[in-house]
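Peer 1: Here's a structure for you.
The values are calculated or read from the model by the stated rules, or taken from the named source; none is laboratory data. Since the model is a prediction, treat every value here as computed from it, not as a measurement. Please note: Cβ atoms are built from the backbone with ideal geometry, for glycine as well, and neighbour counts cover all protein chains shown.
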Amino acid sequence: MAKKRALITGISGQDGAYLAQFLLNKGYSVFGGERQNASGSLWRLKYLGIEKKIKVIPLELLEENNVNDVVRNGKFDEIYNLAAQSFVANSYASPIFTSNVNALGVTRLLEAIRHFSNKTKFYQASTSEMYGNSNIKKQSEKTSFHPISPYAVSKLYAHWMVNMYKDAYGLFCCSGILFNHESPLRGDEFVTKKIISNLAKIKYGNLTKMGLGNIYSKRDWGFSKDYVEAMWKMLQKKKPENYVISSGKTYTVKEFVNKAAKNFGFNLSWTGVGLKEKAIDLNTNKVIISIEKKYFRPTEVNSLFGDSTKAIKELKWLPRTNLDKLIRIMCEYEKSKYN
């Protein structure tokens, strides 16, 4: 029996790398779409020891002809679209680019599948940011969306396009509404990785202190390696459905910081309020964390809290890694750079 062929856009990101590893273990032939100017960014695949097992092909979601050629010639059984301008803060500075990649890029992929490969199953990486400041405590597939950043708006456009192509053209396409998920392979621009990598730098003498923004925003954090399994499970269903994927627990950024700090032996004491709040390491009596205005977003999502009841019931999926274990995994990875 021929191996299933899967294309992963965004192969160079944390989810792309873990998903590639997962699919290879399932016996897939895995192809990775990579932007031309992203050359040399496949360190995550190297870290997982799978770089040579994946065929990387040029794929630019801004270029319609390129997208059409890749989909037409690839004969893929499954396409996982993980490519995006995924940093929320950057979306305020580059809303047009963000929209072109995250919204119109998905439309180009869907159009290519419709015209050239309509049996290909398509997975879209949606995001909990689409909920914005929901007045519903826990967000499920039935919760209304209220995006408040250019990133979230662009993702919601793509989310509804996927629904439309499924209903209008009978394509097998679905979206995973993933809540925050992290790993040692997370990009340095994301707050969780920033916190842990900077704590490591402070611990080992390469940094004196770090600045943070809104430490009272709440997030539902899980492990990327757990979440990619849910993506695959969605495409194995007989009919396409959208699913919320989350840990089902929520913590503030401040709580995340406190948990991470303990892994490095810091003994934090917080003082002050607002922009004057700071964290002192009682071991040295030095300020190692300050609150800085430049790290606040123009519009802030205060709380995200996922309800994955549907995924647990229908996909038989469960998050296996709690936040304490996730933070420990990420901290050990950073420590290994210094030991």
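Peer 1: Which pairs turn up if I take residues in region 195-206 that are aromatic (Phe, Trp, Tyr) and look for partners that are outside any helix (DSSP H, G or I) with beta carbon separation below 7 Å, at least 6 apart in sequence or on another chain?
Peer 2: TYR204/TYR338
Peer 1: If you take the residues of region 44-102 that are out of contact with any Phe, Trp or Tyr (no Cβ under 9 Å at 6 or more places or on another chain) and of a type in the set (S, T, N, Q), which of them is farthest from PHE172 (Cα to Cα)?
Peer 2: Only one residue tops the list, namely SER94.
Peer 1: Hey, can you tell me all the residues within region 84-103 that are buried (at least 17 other Cβ atoms within 10 Å of the Cβ), over 22 Å from TYR243 (Cβ atoms) and without any contact (Cβ under 8 Å) to a residue 60 or more places away in the chain?
Peer 2: The answer is THR98, SER99, VAL101.
Peer 1: On the given criteria, is LEU304 touching a residue at least 12 places away in the same chain (Cβ under 8 Å), touching a helix residue (DSSP H, G or I) at 6+ places or on another chain (Cβ under 8 Å), under 26 Å from TYR92 (Cβ atoms) and loosely packed, with under 13 Cβ neighbours inside 10 Å?
Peer 2: Numbers: touching a residue at least 12 places away in the same chain (Cβ under 8 Å): yes; touching a helix residue (DSSP H, G or I) at 6+ places or on another chain (Cβ under 8 Å): yes; under 26 Å from TYR92 (Cβ atoms): yes; loosely packed, with under 13 Cβ neighbours inside 10 Å: no.
Judged against the criteria, LEU304 is not a match.
Peer 1: Let me ask something additional. Return the residue satisfying two criteria in turn: it lies in region 34-66 and is touching a helix residue (DSSP H, G or I) at 6+ places or on another chain (Cβ under 7 Å) and closer than 21 Å to LYS4 by Cβ, and of such residues it is surrounded by the most Cβ atoms within 10 Å (Cβ to Cβ). Please lay out each step first, then the result.
Peer 2: At the first step, the residues of region 34-66 found to be touching a helix residue (DSSP H, G or I) at 6+ places or on another chain (Cβ under 7 Å) are 42, 44-45, 48, 50-51, 53-54, 57-62, 64.
Within this subset, residues satisfying the condition of being closer than 21 Å to LYS4 by Cβ are 45, 48, 50-51, 53-54, 57, 59.
On the way: LEU45: 23, LEU48: 16, ILE50: 19, GLU51: 16, LYS53: 13, ILE54: 22, ILE57: 16, LEU59: 27.
Across region 34-66, the extreme among qualifying residues is LEU59.
Peer 1: What number goes with the only condition from (1) among the hydroxyl-bearing types (Ser, Thr, Tyr); (2) closer than 30 Å to TYR333 by Cβ; (3) modelled with pLDDT under 95 that THR98 does not pass?
Peer 2: (3)
So that you can scan it fast, the table gives a plain yes or no per residue for (1) closer than 30 Å to LEU207 by Cα; (2) in contact with a Phe, Trp or Tyr (Cβ under 9 Å, 6 or more places away or on another chain); (3) not assigned by TED's automatic domain parsing to the domain that holds MET130:
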{"site": "ASP226", "(1), (2), (3)": "no, yes, no"}
{"site": "PHE256", "(1), (2), (3)": "yes, yes, yes"}
{"site": "GLY265", "(1), (2), (3)": "yes, no, yes"}
{"site": "VAL273", "(1), (2), (3)": "yes, no, yes"}
{"site": "ILE280", "(1), (2), (3)": "yes, yes, yes"}
{"site": "LYS286", "(1), (2), (3)": "yes, no, yes"}
{"site": "GLU292", "(1), (2), (3)": "yes, no, yes"}
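Peer 1: Of these, LEU171, LEU156, which one is crowded, with 21+ Cβ neighbours inside 10 Å, of a type outside the set (Phe, Trp, Tyr) and assigned to a helix (DSSP H, G or I)?
Peer 2: Details: LEU171 fails: assigned to a helix (DSSP H, G or I).
Result: LEU156 is the single residue among LEU171, LEU156 that is crowded, with 21+ Cβ neighbours inside 10 Å, of a type outside the set (Phe, Trp, Tyr) and assigned to a helix (DSSP H, G or I).
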